[in-house]
Amino acid sequence: QKEVEQDPGPLSVPEGAIVSLNCTYSNSAFQYFMWYRQYSRKGPELLMYTYSSGNKEDGRFTAQVDKSSKYISLFIRDSQPSDSATYLCAMSGSGNTPLVFGKGTRLSVIA
Amino acid sequence: GAGVSQSPSNKVTEKGKDVELRCDPISGHTALYWYRQSLGQGLEFLIYFQGNSAPDKSGLPSDRFSAERTGGSVSTLTIQRTQQEDSAVYLCASSLAGNAGYTFGSGTRLTVV
């Protein structure tokens, strides 16, 4: 079992839809959780950062962490064609361990 | 600079040749990371530098891979005797601290023919 599992998609939704992206993980020591967005032929860019369990909201984006279920989610409201990208979840256990990434979910938002 | 800079952006090399990939992190960032991204795969951790501490080399796939970071700033990833399976995008990232969000460069796309 990989440490971090993420459905690669592709996921295609109409403009304005609510998008739900998810990752599961096996390492109970993980406590830092992040979502990155990667456009084609670019490096990943940090979208959301969460420590431990709970929710965090930033504009149209909401990140949720459920440590009891080892499950994290990213919700995108009112999705736009510019949201079309690959979304990668990432997590680590402490400041001295590098992030472990999921494989990424490819999202297309159709106008 | 304003972001993480990687060079070259693309590199085509013949099997068996050595290659060097360069990363210029954000000024003041003490942590620097190298990852590899193959087609359809997630980011695979290679090596991590934090300040003056010994690097975490636990992700390097073989002894053909090495990296150094000079003066706590610029880093070079070297792949010796390249193989076709080394073809991938090599991404460098830096951060202020180990558990802060990373800032990635645009990567070096390596093709071994």
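Computed from the coordinates by the stated procedures, all read-outs in this text should not be read as laboratory data. Note that the coordinates shown come from a computational prediction; the quantities given were computed from them, not determined experimentally. Positions of Cβ are backbone-derived with ideal geometry, glycine not excepted, and every protein chain shown enters the neighbour counts.
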Violating pairs (Cα-Cα greater than 18 angstrom) within the set A:Lys42/B:Lys11; A:Lys42/B:Lys57; B:Lys15/B:Lys57; A:Lys2/A:Lys103: A:Lys42/B:Lys57; B:Lys15/B:Lys57
Connecting C-alpha atoms closer than 10 Å in a GNM of chain A, tell me which of A:Leu47, A:Leu21, A:Leu74 has the biggest fluctuation. A:Leu47
What's the exposure ranking of A:Ser68, B:Ser5, B:Ser58, A:Ser92, going from fewest to most Cβ atoms within 10 Å? A:Ser68, B:Ser58, B:Ser5, A:Ser92
Hey, could you pull the Cα Rg and Dmax for the protein assembly as shown, both in Å? 17.5, 50
Loop-only trypsin sites (Lys or Arg not before Pro) in region B:65-113, please: DSSP not H, G, I, E or B, and at most 12 other Cβ atoms within 10 Å. B:Arg81
Write down Rg/Rh for chain B, rounded to two decimals, with Rg from the C-alpha atoms and Rh from the Kirkwood relation over Cα pairs. 0.95
Over every pair of different alpha-carbon atoms in region A:7-111, take the mean of 1/r and invert it; report that Kirkwood radius in Å. 13.9 Å
